[in-house]
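Let me begin by presenting the structure, written as structure tokens, before commenting on it.
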Amino acid sequence: MFKPKKFNIDNLSLQEFDQDAEFIPLLSQEDEEEMDRESIPEVLPILPLRNMVLFPGVVIPITAGRDKSIQLLQDANRNNNPIGVVAQKDEEIEDPTFEDLHKTGVVARILKVFKMPDGNTTVIIQGKKRFEIDTLVKTEPYMEASTRPTGDTRPEKGDKEFEAIIDKIKESSLEIIKGSPNIPSEATFAIKNIESDSFLVNFVSSNMNLKVGEKQQLLEMDDLKERALETLRYMNIELQKLELKNDIQSKVQSDINKQQREYFLHQQMKTIQEELGGGVSSHQEIDDMRQRAKKKKWDDKVKEHFDKELAKMQRMNPQVAEYSIQRNYLDLFLELPWNEFSKDNFDLKRAMKILDRDHYGLDDVKKRIIEYLAVLKLRNDMKSPILCLYGPPGVGKTSLGKSIAEALGREYVRMSLGGLRDEAEIRGHRKTYIGAMPGRIIQSIKKAKTSNPVFVLDEIDKLSSSHNGDPSSAMLEVLDPEQNSEFYDNFLEMGYDLSKVMFIATCNSLNTIQPALRDRMEIINVTGYTIEEKVEIGKQHLLPKQLKEHGLNKEHLKLGKPQIEKIVEGYTRESGVRTLDKQIAKMVRYAAKSIAMEDDYDIKISNDTIIEVLGSPKLLRDKYENNDVAGVVTGLAWTRVGGDILFIESILSKGKGQLSITGNLGKVMKESATIAMEYIKSNADQLGINPEVFEKYNVHIHVPEGATPKDGPSAGITMLTSLVSLFTQRKVKKSIAMTGEITLRGKVLPVGGIKEKILAAKRAKIKEILLCEQNRRDIEEIKEVYLKGLTFHYVSDMSQVLELAITKQKVKNAKKL
């Protein structure tokens, strides 16, 4: 209701007041009668007020900021003249006109004028009597208007209803003061000591928390009794709001008290449980950690660090958030297997049986594992090597980890690195961060419960970097045998020994691995499988696995080796066996559906049944195509999913000797075509080609399957053979394929991926293969069983390639060049 402030006129200072604060001296009845007898000038200077309404008898401070208002107050104070105070209709108007003012105002006297620290002028004024504005006299330097006084219509003396209203106003005022904590108790003294009824009404009206428009309506009421009644109505509304507010406050306070009560009860219950042995206090928790620490096999450095952190936790208040972080940190220390190792099984024959049982082929990998076990058995202190199994998808790189772990008798842990781009996933977060956790390396070691598990780092070539760091750089310390004995995790804040962990990384491509990281790993090439190997894998591993997964056994479906070979040749062309696994799963589902629907079916699958279930063979296009025309040559290519055959076609058309190349080829293959063309031009006489041909015909080279990107140097001799065949109009020999790089001098250079290319050649029924002489060692490393049916020709010069690959006879309907 009230906005009480303090001011001291004698010392010319104001304390704690704002622009709409009201102040009153307590007027006696004689003072009010004297104000009524006081005459006012006919013309008054008009002072507009923005956000307040002045009532007769009330003293208020106002701050003048407008130039006109400051000038008016200075002139009136200098001449001791009264002023007319009128409220604005819209307080947002900066420079109000005559039409922007209410017509009813109050004559006021200036009690004090003084400057404020902010440069504005502040005055203390007191209202005298009401007036109404008639006409505007002038506007400069400030507004002046002719006025006429308006007195209050007072009720007759002894009006009981009016007296009751006044008593009720006093009573309500005292209740509001008592119920509002923001109104000082001194206001009670002011209300009780007001003698004049009209001044009481004006004082209460002025101090109520009403809008300017509502206060103006009260001021404009001529009948004092009516004004008092309206004031009482507003006071009742204010009193109801205050009661409602206090009631809400009481309910909120009650809820808070209830929560406090429950908290204390829980604390008491916790204490009782601790006394009865049913709960664990922070002291008992710390004692328990101390006892667990005695059983750990850590060195003095780790023990000293743990004791220091445990003492820090002991000094903490269990209620603070850092307490739980510290407890989780110490729990990690206690759960990590410091210097705890599983015992290796050095039965090498048993290990070889397990590797042969789980994986068909992969002899190089098995040989390397057995070598590692043999050295470890002899020395027993060898640091674990970092093996990287590199090869196409589906050849068993990841599953090798489980077999190696079983063969060694170690725990098995796998961590997928595909798409990992946050360094904290490897090194962990610092303890100061909210939600901090150790890195996945340390978490996996904790899960393994030994410090020497077999740790498979899957898809290490698919690590990516971002603004959060470069995980591949963080992996350097993990995979460096010279550094990982003190691997530093940000959360652990200590070095942890990873030197006894056997890390096995897998990847599909070496190109995307950071060179420094690749240098720290021993690369083992896991090549694709031959058709014979795929058939054996399907028979020994894939079919039993799918039968088990579909709830069947070998009595429900029989798939012979010829049928599996048909599936391999007609429905898979990958280096691995994932697609073969899916096709066998379709056959098993065919049997499962027939059994569930009680349909008759032949348990022994035939070739016709395969076509019925899997559809027509889809992958016959990789078979060798007979070269009936000049310019068509079969090449061998390496892809990320294994080897493949490649057909290169070239054709002549009349023109000006331009060379065009299509087939979605990369830069290296386009350069190989250019080199081949220039070699032919420079050696046209030896090759029996008329040099005029190069100026009369355009040459177009195309590699089919244009939607598939192709690149690499392996097609050099293939393109040269295709062009020579085209220019000489002699076709290439049947069932022959080639791979190798060429130089401008006609030398043949070696290429990679030989085993994958040989497997692709066998799948395509190729009989003869041309290779660089320096690739002979790659063929010698391949088992003879894989080379059965193939004849190899080793060359070092392009003249040898052309002699072996191109027939002496021209093709039928050869063009006349």
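Of everything listed in (1) under 18 Å from LYS618 (Cβ atoms); (2) of a type in the set (Val, Ile, Thr); (3) in contact with a His (Cβ under 7 Å, 6 or more places away or on another chain), the single unmet condition for ILE531 is (3).
For region 172-195, the set of residues classified as closer than 17 Å to GLY57 by Cβ and touching a Pro at 6+ places or on another chain (Cβ under 8 Å) consists of ALA187 only.
This table checks each residue for (1) modelled with pLDDT of 85 or more; (2) among the basic types (Lys, Arg); (3) touching a Gly at 6+ places or on another chain (Cβ under 6 Å); (4) in the same structural domain as LEU44 (by TED's automatic domain parsing).
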site	(1), (2), (3), (4)
LEU101	yes, no, no, yes
ILE110	yes, no, no, yes
MET116	no, no, no, yes
THR121	no, no, no, yes
LYS128	yes, yes, no, yes
THR139	no, no, no, yes
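Every condition in (1) under 32 Å from the mean Cα position of the chain (by Cα); (2) not assigned by TED's automatic domain parsing to the domain that holds PHE503 is met by THR398 except one, and the failing one is (2).
A Cβ distance below 8 Å, combined with a sequence gap of six or more or placement on separate chains, defines the contacts here; from region 670-686, residues that are among the polar types (S, T, N, Q) reach residues that are surrounded by 15 or more Cβ atoms within 10 Å (Cβ to Cβ) in the pairs SER672/PRO713; SER672/ALA715; SER672/GLY716; SER672/MET719; SER672/GLU741; SER672/ILE742; THR674/LEU659; ASN683/GLY746. Contact map, region 51-67: residues that are free of Cβ contacts under 8 Å to residues at least 40 places away in the same chain and assigned by TED's automatic domain parsing to the domain that holds GLY151 paired with residues that are surrounded by fewer than 23 Cβ atoms within 10 Å (Cβ to Cβ) and part of a loop (DSSP other than H, G, I, E, B), Cβ distance under 8 Å, separation 6+ or inter-chain. Pairs shown: ARG66/GLU94; ARG66/ASP95. The set of residues from region 366-393 being within 42 Å of the chain's Cα centre (by Cα) and over 14 Å from CYS507 (Cβ atoms) comprises LYS366, ARG368, ILE369, TYR372, MET382, LYS383, SER384, PRO385.
With the requirement that a residue be acidic (Asp, Glu) and at pLDDT 75 or above, what does region 231-269 give you? Show your work before the answer.
Step one: filter region 231-269 for residues acidic (Asp, Glu), giving 238, 243, 247, 255, 262.
Matches in region 231-269: GLU238, GLU243, ASP247.
One residue stands out in region 402-424 among those that are under 25 Å from TYR488 (Cα atoms) and at pLDDT 85 or above: the one that is farthest from the chain's Cα centre (by Cα), namely ARG410.
For GLU406, the conditions (1) part of a helix (DSSP H, G or I); (2) more than 26 Å from LEU348 (Cα to Cα) all hold with the exception of (2).
For VAL668, state whether it is touching a Ser or Thr at 6+ places or on another chain (Cβ under 7 Å), at negative phi, among the β-branched types (Val, Ile, Thr) and in the same structural domain as ALA805 (by TED's automatic domain parsing). No; evaluated as a whole, the condition is false for this residue.
Of all residues being surrounded by 17 or more Cβ atoms within 10 Å (Cβ to Cβ) and in a helix (DSSP H, G or I) in region 657-674, which is farthest from the chain's Cα centre (by Cα)? Just the residue, please. Before you say what the answer is, go through the steps one by one.
Restricting attention to region 657-674, the residues satisfying the condition of being surrounded by 17 or more Cβ atoms within 10 Å (Cβ to Cβ) are 659, 661, 663, 665, 669, 672-673.
When the remaining residues are screened for being in a helix (DSSP H, G or I), the result is 669, 672-673.
Numbers: MET669: 40, SER672: 45, ALA673: 46 Å.
Step by step, filter region 657-674, then rank; the result is ALA673.
Of the numbered criteria (1) in contact with an Asp or Glu (Cβ under 7 Å, 6 or more places away or on another chain); (2) without any contact (Cβ under 8 Å) to a residue 40 or more places away in the chain, the one ALA585 fails is (1). Scanning region 200-221 for residues that are of a type in the set (S, T, N, Q) and either assigned to a helix (DSSP H, G or I) or buried (at least 21 other Cβ atoms within 10 Å of the Cβ) (or both) yields ASN202, SER205, SER206, ASN207, GLN216, GLN217.
Among the candidates LEU557, LEU580, which residue alone is closer than 27 Å to LYS755 by Cα and either of a type in the set (A, V, I, L, M) or surrounded by 14 or more Cβ atoms within 10 Å (Cβ to Cβ) (or both)?
Details: LEU557 fails: closer than 27 Å to LYS755 by Cα.
Only one candidate passes the filter, namely LEU580.
Collect the residues in region 690-704 that are within 30 Å of ALA764 (Cβ to Cβ) and at pLDDT below 90, keeping them in residue-number order.
To start, the set of residues in region 690-704 that are within 30 Å of ALA764 (Cβ to Cβ) comprises 699-704.
Listed by number, the residues that qualify are VAL703, PRO704.
Restricting to region 649-673, and then to whatever is of a type in the set (A, V, I, L, M, F, W, C) and touching a strand residue (DSSP E or B) at 6+ places or on another chain (Cβ under 7 Å), can you tell me which residue is farthest from VAL724 (Cα to Cα)?
LEU665
Scanning region 161-199 for residues that are farther than 30 Å from ILE40 by Cα, of a type outside the set (Asp, Glu) and assigned to a helix (DSSP H, G or I) yields a total of 16.
Looking for something farther than 28 Å from VAL395 by Cα, in a loop (DSSP other than H, G, I, E, B) and not assigned by TED's automatic domain parsing to the domain that holds ASP331 - is there at least one such residue anywhere in region 476-489? Steps first, answer last, please.
Looking only at region 476-489, we keep the residues that are farther than 28 Å from VAL395 by Cα, and these are 477, 482-489.
With the extra rule that they be in a loop (DSSP other than H, G, I, E, B), the set shrinks to 482-483.
Still in the running and not assigned by TED's automatic domain parsing to the domain that holds ASP331: 482-483.
Yes, region 476-489 has at least one match.
Remark: pairs (first residue in region 281-295, modelled with pLDDT under 80; second residue in a loop (DSSP other than H, G, I, E, B); Cβ separation under 8 Å; 6+ apart in sequence or on different chains) = SER282/PRO318.
Scanning region 475-489 for residues that are out of contact with any Phe, Trp or Tyr (no Cβ under 7 Å at 6 or more places or on another chain) and surrounded by fewer than 20 Cβ atoms within 10 Å (Cβ to Cβ) yields LEU476, ASP480, PRO481, GLU482, GLN483, SER485, GLU486, TYR488. Of the candidates GLU741, GLU695, the single residue that is surrounded by fewer than 21 Cβ atoms within 10 Å (Cβ to Cβ), over 24 Å from LYS788 (Cα atoms) and either among the small types (Gly, Ala, Ser) or in contact with a Pro (Cβ under 7 Å, 6 or more places away or on another chain) (or both) is GLU741. What are the residues in region 598-634 that are within 30 Å of ALA676 (Cα to Cα) and at pLDDT 70 or above, if any? The answer is ASP628, VAL629, ALA630, GLY631, VAL632, VAL633, THR634. Listed by first and then second residue, the pairs with beta-carbon distance under 7 Å, at least 6 apart or on different chains, first residue in region 463-489 and within 19 Å of ASN508 (Cα to Cα), second in a strand (DSSP E or B), are LEU479/ILE386; LEU479/PHE503.
Quick check on GLU132: is it under 14 Å from PHE55 (Cα atoms) and either exposed (fewer than 13 other Cβ atoms within 10 Å of the Cβ) or in contact with a Gly (Cβ under 9 Å, 6 or more places away or on another chain) (or both)?
On the way: under 14 Å from PHE55 (Cα atoms): yes; either exposed (fewer than 13 other Cβ atoms within 10 Å of the Cβ) or in contact with a Gly (Cβ under 9 Å, 6 or more places away or on another chain) (or both): yes.
Yes; evaluated as a whole, the condition is true for this residue.
Restricted to region 508-549, the set of helices (runs of 4 or more DSSP H) holding at least 1 residues that are in the same structural domain as THR579 (by TED's automatic domain parsing) and polar (S, T, N, Q) comprises 543-549.
Could you go through region 650-664 and let me know if any residue there is in the same structural domain as ARG777 (by TED's automatic domain parsing), basic (Lys, Arg) and under 30 Å from THR512 (Cα atoms).
First, the residues of region 650-664 that are in the same structural domain as ARG777 (by TED's automatic domain parsing): 650-664.
Checking the rest, the ones that are also basic (Lys, Arg) come to 654, 656.
Imposing the further condition that a residue be under 30 Å from THR512 (Cα atoms) reduces the set to none.
Checking region 650-664: not a single residue is in the same structural domain as ARG777 (by TED's automatic domain parsing), basic (Lys, Arg) and under 30 Å from THR512 (Cα atoms).
Taking region 737-817 and the strands (runs of 3 or more DSSP E) fully enclosed by it, the elements with 1 or more residues that are at pLDDT 85 or above and among the polar types (S, T, N, Q) are at 791-795.
The values are calculated or read from the model by the stated rules, or taken from the named source; none is laboratory data. Bear in mind the structure is a predicted one, so any value in this text is a computation, not a measurement. Using ideal geometry, Cβ is built from the backbone for each residue, glycine included, and neighbour counts are taken over all protein chains shown.
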